[in-house]
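*Asks:* Let me give you the structure first, and then I'll get to my questions.
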Amino acid sequence: MTEPLPAEQRRAADADREHVAERLRDAAGDGRLTISELEERLEAAFSARTYAELEPLTHDLPDHVQHGARVPAAARRDVPARVTGREGRTWSFALMSGTSRRGRWAVGSKHTAIALMGGIDLDLRDAELETHEVTIWVFTMMGGVEIVVPDDCAVDASGFGLMGGFDQAEHAPAAPPGAPVVRVRGLALMGGINTVRKLRSARTRPEFESSGRRREREP
């Protein structure tokens, strides 16, 4: 009979790799890892085959990281209806492809978007927010990321473009006092990051085709 392998030499499952990746994305969202460190460690995490390969990727990170308070909207009268307290998506990734999040979806308190020779569209006009303040970390290389924020949210965007662009545009009035805040932090290498605020009422415009059927076209 052969002796059982030590735990660290046993094969890791997809769930183990995803758990490590989630911790890395949270650490980057808290500023513990840079975008380049996140990219390097994520690549190592998804290619790891054993627990021994996964362990070094998080050895310098705290075991438990407490993020923004997740307070249900019903518990506070001053929280807008779109702030639900429900756990939302924490990352979007595009590699030589396109990723789009539109309609009703949930945004995590920390969301990381990485576009490598691809494109990502994040439309928050019908989205739910996990917390009153959400932070979207964006990295793009030879790709593009567009973030559409509704008029009932405030935007705090800052970033850097190296042979690329980081732009912010306002196509809506100022957000009301106490509005949720969407913070965008990004780095664009030979690519572009665009953050724009738009009216929720302009989400769709009804039109009629020659057949008389109604269709919706996004502005």
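*Asks:* Checking the condition modelled with pLDDT under 90 and not aliphatic (A, V, I, L, M), which residue from 18, 53 passes?
*Replies:* Result of the check over 18, 53: 18.
*Asks:* Condition first: in a loop (DSSP other than H, G, I, E, B) and either farther than 26 Å from residue 135 by Cβ or at pLDDT 90 or above (or both). Now tell me which residues in segment 203-217 satisfy that.
*Replies:* 204, 209, 210, 211, 212, 213
*Asks:* Could you say whether any residue in segment 21-35 is part of a helix (DSSP H, G or I) and either more than 26 Å from residue 159 (Cα to Cα) or of a type in the set (Ser, Thr, Tyr) (or both)?
*Replies:* no
*Asks:* Hey, residue 48 hits all of (1) at pLDDT 85 or above; (2) assigned by TED's automatic domain parsing to the domain that holds residue 159; (3) surrounded by 18 or more Cβ atoms within 10 Å (Cβ to Cβ) but one; which does it fall short on?
*Replies:* The failed condition is (2).
The values are calculated or read from the model by the stated rules, or taken from the named source; none is laboratory data. Predicted model, so just to flag it, every value in this text is computed and none were measured. Cβ: placed from backbone, ideal geometry, glycine included. Neighbour counts: every protein chain shown.
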